[in-house]
């Protein structure tokens, strides 16, 4: 993976997460927090799980950052800021940075060492999995979910660039 690839993937993930949050704004706090038996209990729990994962991997790959709360406010304010930090980092990263090995402690596997490119693929894929679950929760609550497929991202990006 090149740094340019990383930038595209991280931009996509940020775009898609923001779209899901836009859809979630139509819900009352009680519906946002309502247990639905999918993923991490509620829409808030599912989205907060993505935020937490985005944060923990950022701290491992890029550097320290205060742990975000798992609240609606954090999802609205802190999560986009974190995504912007990921994108800025990727925009400044060299291709060699993608091969840098990051060591960390896993609750499941103990000590692990993985190259940055594998971590970035995990970050984006993990978020994609849980955004899909969030989309299902939105549908169950009568909200038409946004179109967040990768091709929609490419089309919106091209239109914004006048292409």
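The values are calculated or read from the model by the stated rules, or taken from the named source; none is laboratory data. Model, not experiment: these values are computed from the prediction. In this analysis, Cβ positions are derived from the backbone assuming ideal geometry, glycine residues included, and neighbour counts consider all displayed protein chains.
On the basis of being in a helix (DSSP H, G or I), surrounded by 11 or more Cβ atoms within 10 Å (Cβ to Cβ) and either modelled with pLDDT of 95 or more or touching a helix residue (DSSP H, G or I) at 6+ places or on another chain (Cβ under 6 Å) (or both), does residue 137 make the cut? Considered against the rule, which asks whether it is in a helix (DSSP H, G or I), surrounded by 11 or more Cβ atoms within 10 Å (Cβ to Cβ) and either modelled with pLDDT of 95 or more or touching a helix residue (DSSP H, G or I) at 6+ places or on another chain (Cβ under 6 Å) (or both), residue 137 comes out as yes. Taking the criterion of being free of Cβ contacts under 8 Å to residues at least 60 places away in the same chain and farther than 11 Å from residue 44 by Cα, the only residue of the range 6-24 that qualifies is 8.
So which residues in the range 34-47 are within 19 Å of the chain's Cα centre (by Cα), in a loop (DSSP other than H, G, I, E, B) and either more than 24 Å from residue 118 (Cβ to Cβ) or modelled with pLDDT of 95 or more (or both)? Across the range 34-47, the qualifying residues are 38, 41, 42.
Please work out if residue 31 is at pLDDT 95 or above, in a helix (DSSP H, G or I), over 15 Å from the mean Cα position of the chain (by Cα) and under 18 Å from residue 86 (Cα atoms). So that I can check it myself, show each step before the final result.
Working: at pLDDT 95 or above: yes; in a helix (DSSP H, G or I): yes; over 15 Å from the mean Cα position of the chain (by Cα): yes; under 18 Å from residue 86 (Cα atoms): no.
Against the criterion (at pLDDT 95 or above, in a helix (DSSP H, G or I), over 15 Å from the mean Cα position of the chain (by Cα) and under 18 Å from residue 86 (Cα atoms)), residue 31 does not qualify.
Within the range 1-28, the residues that satisfy the criterion of being closer than 18 Å to residue 148 by Cα and not in a helix (DSSP H, G or I) are 25, 26.
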